[in-house]
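The values are calculated or read from the model by the stated rules, or taken from the named source; none is laboratory data. What you see is a predicted model; the values in this text were computed from it and never measured. Here the Cβ is made from the backbone with ideal geometry for all residues, glycine too, and neighbour counts use every protein chain on show. Just the protein is used for accessible areas: all its heavy atoms, side chains included, with ligands, DNA and RNA removed. Shrake-Rupley method; radii C 1.70, N 1.55, O 1.52, S 1.80 Å.
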Amino acid sequence: MSVVTRFAPSPTGELHLGHAFSALFAADRARDGGRFLLRIEDIDATRSRAAFIAGIEEDLAWLGLDWVRPIRRQSEHLDDYRAALVRLDRMGLVYPCFCTRGEIAREIAAAGEAPQGPDGPRYPGLCRALTAAEAQRRKDAGAPFALRLDMAKAAALAGPLSWTDEAAGPVQAQPELFGDIVLARKDAPASYHLAVSVDDALQGVSLVTRGLDLFPATHVHRLLQALLDLPVPRWHHHRLLTDASGRRLAKRDKAASLRSLRMAGTSAGEVRAMLGFYTKSR
Ligand code: GLU
């Protein structure tokens with residue numbers, strides 16, 4: 001079966017060299033008869049900008065990349081995420097969470113400690129104990145709420161899971177490390193974890209390539225795939241690019257933005273060579 005990869009940037013800033021590496025890596029893995037897709041992760045309407053989407057396409061085309069159309073824009077597929085949420089809800093795995101950040105922080109401080117998950121302290125589970133009647137009363141009163149996954153229940157239902165990373169080898173999934181993750185935010189209809197899992201399946205992605213910073217997230221994605229009966233791809237979490245002082249490149253590093261490099265006269269060939277991709281990917 002031919003490999004299907006994707007590059008899935010969030011349009012919240014300009015692409016930098018780290019993104020270029022990631023995009024070239026994905027395209028390169030699909031080079032021999034595979035398909036390279038582009039997905040715009042713009043589910044967070046408060047941070048996404050149309051101008052950045054245009055910039056992403058411009059930068060990638062400049063790099064010499066081509067992708068199979070159409071581009072999937074998450075904001076155009078909210079029904080797909082809603083359907084997944086309904087399914088998880090029917091399985092009894094979802095509960096509304098009315099907590100503010102402040103309430104969560106106070107609860108953690110009062111408890112004296114909170115187990116750390118890969119995304120920070122784990123949610124202490126305040127709203128998991130709400131009765132259905134109380135949750136409904138708060139909803140009726142117009143209180144904003146997120147939707148969380150009851151992780152203990154979900155993990156028990158799914159049973160032991162594993163996944164394969166091309167670089168790290170076989171990995172035992174440990175989604176419990178995250179605690180009750182958010183599936184839909186108060187201000188966004190789906191969380192990153194949910195949207196990515198649904199999208200990779202719907203787009204037929206067979207090899208998920210992305211930076212090592214997202215390695216832990218795969219534990220959760222593997223669980224969601226099992227719960228939602230989605231196909232299981234392979235993964236390749238690649239190295240992260242750092243600046244001269246060893247810090248991971250971020251959107252704040254304007255000098256490394258592809259646009260700045262282009263404006264400064266750097267050629268796409270030079271960027272590709274700098275990143276170790278000497279031939280045109282497609
Ligand atoms: N949208 C994510 C980001 O820009 C990447 C998601 C993924 O590759 O799974 O960091």
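How high is the FRET efficiency from Arg137 to Arg73, r the C-beta distance, R0 45 Å, rounded to 0.05? Intermediate results must be reported in sequence, preceding the final value.
Values: r = 37 Å, r/R0 = 0.81.
Result of the calculation: an efficiency of 0.75.
Please list, ordered by chain and number, the residues whose modelled amide H lies under 5 Å from the amide H of Glu166; skip anything fewer than 5 residues away on the same chain.
Amide H to amide H, under 5 Å and 5 or more residues apart or across chains, Glu166 pairs with Trp235, His236, His237.
Who wins for biggest fluctuation among Ser206, Ser257, Ser267 in a Gaussian network model of the chain, springs between alpha carbons below 10 Å?
Ser267
List every residue whose amide H lies under 5 Å from the amide H of Leu183, counting only residues 5 or more places away in sequence or on a different chain, with H placed 1.01 Å from N in the peptide plane.
Leu147, Arg148, Leu149
Report P(r) for segment 115-202: all Cα-Cα distances, bin width 5 Å, range 0 to the bin holding the largest distance, values in whole percent.
The calculated distribution, bin by bin, is 3, 11, 16, 23, 22, 13, 7, 3, 2, 1.
Could you derive backbone 3J(HN,Hα) for segment 223-230 from the dihedral phi with the Karplus parameters 6.51, -1.76 and 1.60 (θ = phi - 60°), listing whole Hz in sequence and x where the residue is Gly or Pro?
Those phi angles translate into 5, 4, 4, 5, 5, 9, 6, 9 Hz.
With springs only between Cα atoms under 10 Å apart, run a GNM on the chain and tell me which of Pro118, Pro216, Pro70 wobbles the most.
Highest fluctuation of the listed residues: Pro70.
What FRET efficiency, computed as 1/(1 + (r/R0)^6) with R0 = 25 Å and r the Cβ-Cβ distance, is obtained for Thr242 and Trp62, rounded to the nearest 0.05?
After rounding, the FRET efficiency stands at 0.60.
Say each of Leu228 and Ala264 gets a label point 7 Å from the Cα, pointing the same way as Cα to Cβ; how far apart are those two points in nm?
4.0
Compute the whole-percent fraction of alpha carbon pairs in segment 16-151 spaced more than 26 Å apart.
Of the Cα pairs, 49 percent sit more than 26 Å apart.
Name the most mobile residue of Ala146, Ala105, Ala244, meaning the one with the largest mean-square fluctuation, in a Gaussian network model of the chain with Cα contacts below 10 Å.
Among Ala146, Ala105, Ala244, the largest GNM mean-square fluctuation belongs to Ala244.
Under a 5 Å amide H to amide H cut-off, with H placed in plane at 1.01 Å, what residues pair with Gly117 once short-range neighbours are removed?
Result for Gly117 returns Arg122.
Please state the Cα pair-distance histogram of segment 198-275 with 10 angstrom bins from zero: what percent is in each bin?
15, 35, 26, 21, 4
Restricting things to alpha carbons, find the Rg to Rh ratio for segment 80-237 using the Kirkwood radius for Rh.
With Rg and the Kirkwood Rh in hand, the quotient comes to 0.97.
Could you give P(r) for segment 86-160, binned at 5 Å from zero, as whole percent values over all Cα-Cα pairs?
3, 14, 22, 24, 20, 12, 5, 0
Could you give the length gained on full extension between Thr12 and Ala111, defined as 0.36 nm per residue of separation minus the Cα-Cα distance, in nm? Please report the intermediate quantities before stating the final value.
On the way: separation 99, 0.36 × 99 = 35.64 nm, distance 3.55 nm.
32.1 nm is the gain from fully extending Thr12 to Ala111.
Mind ranking Lys139, Lys153 by accessible surface for me, highest first, 1.4 Å probe?
Working: Lys139 75, Lys153 105 Å².
From most exposed to least exposed: Lys153, Lys139.
Which log10 I(q)/I(0) values, to two decimals, does segment 151-282 give at q = 0.09, 0.18 Å⁻¹ under the Debye formula with one point per Cα?
With no solvent term, the Cα-only Debye profile gives -0.37, -1.08.
Lone cysteines in the chain, defined as no other cysteine's Cβ under 4.7 Å from theirs: which are they?
Cys99, each lacking another Cys Cβ under 4.7 Å.
For the chain, what does the helix formula give at 222 nm: sum of -39500 (n - 2.57) over DSSP H segments with n ≥ 4, over the residue count, nearest 500 deg cm²/dmol?
Computed mean residue ellipticity for the chain: -11000 deg cm²/dmol.
Step by step: find N for the chain, compute 2.2 N^0.38 Å, then divide the Cα radius of gyration by it. What's the final number?
My calculation over the Cα atoms of the chain gives 1.07.
For Cα pairs less than 8 Å apart in space and 6+ apart in sequence, what is the mean separation divided by the residue count of segment 8-94, i.e. the relative contact order in percent?
36
Multiply the residue separation of Asp213 and Ala83 by 0.36 nm, subtract the distance between their alpha-carbon atoms, and state the gained length in nm to one decimal.
Numbers: separation 130, 0.36 × 130 = 46.80 nm, distance 2.84 nm.
Here the segment from Asp213 to Ala83 would lengthen by 44.0 nm.
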